[in-house]
1. Taking the range 251-291 only, how many residues are basic (Lys, Arg) and under 23 Å from the mean Cα position of the chain (by Cα)?
2. Across the range 57-87, which residue is farthest from Gly312 (Cα to Cα) among those that are among the aliphatic types (A, V, I, L, M), in contact with a helix residue (DSSP H, G or I) (Cβ under 8 Å, 6 or more places away or on another chain) and outside any strand (DSSP E or B)?
3. Of all residues in the range 148-179, how many are at pLDDT 95 or above, in contact with a strand residue (DSSP E or B) (Cβ under 6 Å, 6 or more places away or on another chain) and either of a type in the set (Gly, Ala, Ser) or over 25 Å from Glu3 (Cα atoms) (or both)?
4. Which of the residues that make up the range 440-460 are at pLDDT below 95 and either surrounded by 12 or more Cβ atoms within 10 Å (Cβ to Cβ) or touching a Phe, Trp or Tyr at 6+ places or on another chain (Cβ under 6 Å) (or both)?
5. Could you check the range 423-467 and list, in sequence order, the residues that are farther than 28 Å from Ile313 by Cβ, in a loop (DSSP other than H, G, I, E, B) and among the acidic types (Asp, Glu)?
6. Determine which single condition Gln414 fails, assuming it passes every other condition in (1) in contact with an Asp or Glu (Cβ under 9 Å, 6 or more places away or on another chain); (2) in contact (Cβ under 8 Å) with a residue 40 or more places away in the chain; (3) within 30 Å of Gly477 (Cα to Cα); (4) not charged (D, E, K, R).
7. Go through the residues of the range 278-300 one by one and say whether even a single one is surrounded by 15 or more Cβ atoms within 10 Å (Cβ to Cβ), in a helix (DSSP H, G or I), outside the structural domain of Trp189 (by the TED database) and in contact with a Lys or Arg (Cβ under 7 Å, 6 or more places away or on another chain).
8. In the range 101-133, which residues are in contact with an Asp or Glu (Cβ under 6 Å, 6 or more places away or on another chain) and part of a loop (DSSP other than H, G, I, E, B)?
Amino acid sequence: MQEHEYDVVVVGFGPGGEVLAATLGRAGHRVLAVEKASNLYGLPRMTTLDGELARVLTNLCDGEHALRNAMPLTEFRMVGADGQPSPAIDWRGDRGGFPAHMAMHQPDIEEALAERIASYDNVDVRWSTQATDFRQTGDGVEVTVEPRTGEGEQQVVTARYLVGFDGSSSGVREALGIEREVLRQHEDWWVLTDFDVVQPLPDGFDEAIGTMDPRRPHFFGLAGVGRCRSDVKVMPGEVLEEEKTEERALQLMEEHHGIPRDHLRMTRQVAYKFRSEMAHRYRVGNVLIGGDAAHSMTPFMGQGACCAMRDGINLGWKLSAVLSGAADETLLDTYEEERVPHAAFFVHGSLATWAALEEPDPEKAAARDHALRAGLVPPPPPFPGVVGGVTRRAADDAVAGALAPQGRVRRDGQEGTFDEVTRPVFALVSSVPLDDVLTDERRDFLSSVGCVVAVVGEGGDVEDLDGVYGRYLDEHGIVAFLTRPDFYQFGSARGADEVGQVVDDLQVALAPSRSRSVELV
C-alpha cells in the first residue's frame, strides 16, 4: 500500500469539518483541513444545540469555552394567526447529561474546536485554500489544493480518504456525481437578523417563539446569553432590499414583539431561501461527504449544524478505527447506512415545521390553530436513535442504537461527569462484576479500541453518585451496556453471562473478516 502524506483530507472547516478533524486529530491521525475562508467566520449561523452534541463537544475541546454563552431552552412557543398562543412544544429534559435543547453562540464552539485542533501537530489547517480537483487511486486519493486568491502554487497531496464538508453547493459532491433529492423548491425570501441585547428584554422572551400568521410569518429565538435572532418572511409585493435593513428589522421587532429598538443592536443580517434537500449516497470509494453537502434543511428545528456535527463524529470514529487497523474498511459503509435516515428525520421534520409556520391560507391557518389548541395534533416524535449499522442485531436488545445516559461518578478519588472521569472512546458500563466473563482475549480487544470498563454496582470501581446508571439499567431490565464513541449504544446485556457475547458482537461488527468464532445474533 502506498504511503500517503495524510490519512484524511477534510474540505471545509465549519462545525462538521471541525468535529471530524478534532476526532481524527485526537486519535493521532494525519489530517489536512482546507477552508476557503481566511479565518473563522466569527458570527453565528447556528444558534441552537442539543445535549447530544454538547456532550460531543465537551469531549473534543474545552467545553467551558464552547458552551460559555449557552443557556437551556425549555419550550418552543407557537402563536396562532389570531395572535393567541397555541400549545408549546416541550423542550425540557436531559440528553447525554446536558439540557436537551440550548441556545448558544456558534463562534464559541468553532473557536474552542479550532484551538484544540491547533494543538495537534498531526493536523494541518490551511485557510484561504481550496481543493480544486481530486483523483481516486487504488488505495487513496490525490487532491489538488491551491490558494483561493490564485496567488501561490498548486499542490497535489495524497491521502487515504477525502471528505467533503464543503457546503450545500459542494464541489466534492458534484465531482462524485451524487445527486440530492429536492423535497421542496423554496421560492420565498426570508430575512435573518442577529442582535446583541443591550438592554434586558421584556418578560416572555426567554424561549423560541414561532408566529404562524399568514400576514407575516416570523420567528424569534435566543442565540445564547445576551443575543437573539429573528427570521421574517418577505411577503409578496414587498421589495427585498427595503426589507433587509437594520431599521426595518428593528421596526418589526417592535411591532411584532414589543421590544423597544434601543434594546437591540444588529450584528448580522442576511436574506436567503430555504433548502430542503438530501443526498442518499455519502460515499464513493475513498471519498465521502457530510454536513450541508449531504443534507440541507429549514432552520425551524435548529438541527442543520447539529446534523453536520453528528456526521463528523460518526465518520470520525469509524475512519479512526479503520486507519488504526481496529476495523475493516467495510465499516465505512455504515456511515451512510446510519446517517442518511437519521438526517432525513430532521430534513422532513424541519420542512413540516416550516409548513405549519408559513401556511398562507387564512382559513387553513385557522383550522390549524383549532387543531393545535384542541389537542388534535400529536406532539413531535422524539429524536431517533441509530438503526442498523454498528448496533447489536439481537432482537431483544433493549437499548441498541439509543443514546447513552451520562451521570456524575467518582473513581479513584476523582469526581465529575462520566466522560470527565473516564475519558472513554468506547465504554462498557456494568452493574455486575465482569471478571469471569471478560477473558484475556476480550480484554485485549476492548483495550485495542479504547474501551473503558466501568463497574458501577456495589463494590465496583466507579461510584454512581446520582444513581443515573442504576436507574437506567433497572428501567431497561439490563445489567450492562456498551457505548460507541459517538455515545450511541452498541448493545446491552440482560445478565452477566451475556456481556461476553456483546463484546464479541462488537468485534464482529468492526472487523468481520478477522472474527472467526463469533457471529452477530
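The values are calculated or read from the model by the stated rules, or taken from the named source; none is laboratory data. All values reported here derive from a predicted model rather than from experimental measurement. Quick reminder, even Gly has a Cβ in these numbers, built from the backbone with ideal geometry, and neighbours come from all protein chains shown.
1. Kept after step one, since they are basic (Lys, Arg), are these residues of the range 251-291: 261, 265, 268, 273, 275, 281, 283.
Right, trim to under 23 Å from the mean Cα position of the chain (by Cα) and you get 273, 275, 281, 283.
Going through the range 251-291 one residue at a time, the tally reaches 4.
2. The first filter runs over the range 57-87 and keeps only residues among the aliphatic types (A, V, I, L, M), leaving 57, 60, 66-67, 70-71, 73, 78-79, 81.
If we keep only those that are in contact with a helix residue (DSSP H, G or I) (Cβ under 8 Å, 6 or more places away or on another chain) too, we end up with 57, 60, 66-67, 70, 78, 81.
In the following step, the residues that additionally are outside any strand (DSSP E or B) were identified as 57, 60, 66-67, 70, 81.
Numbers: Leu57: 11, Leu60: 11, Ala66: 17, Leu67: 19, Ala70: 21, Ala81: 39 Å.
Filtering first and then ranking leaves Ala81.
3. Result for the range 148-179: 7.
4. The initial filter retains those residues of the range 440-460 that are at pLDDT below 95, namely 457-460.
Matches in the range 440-460: Gly457, Gly460.
5. Scanning the range 423-467 gives Asp435, Asp436, Glu458.
6. Checking Gln414 against (1) in contact with an Asp or Glu (Cβ under 9 Å, 6 or more places away or on another chain); (2) in contact (Cβ under 8 Å) with a residue 40 or more places away in the chain; (3) within 30 Å of Gly477 (Cα to Cα); (4) not charged (D, E, K, R), the one that fails is (2).
7. Within the range 278-300, one or more residues are surrounded by 15 or more Cβ atoms within 10 Å (Cβ to Cβ), in a helix (DSSP H, G or I), outside the structural domain of Trp189 (by the TED database) and in contact with a Lys or Arg (Cβ under 7 Å, 6 or more places away or on another chain).
8. Across the range 101-133, the qualifying residue is only Trp127.
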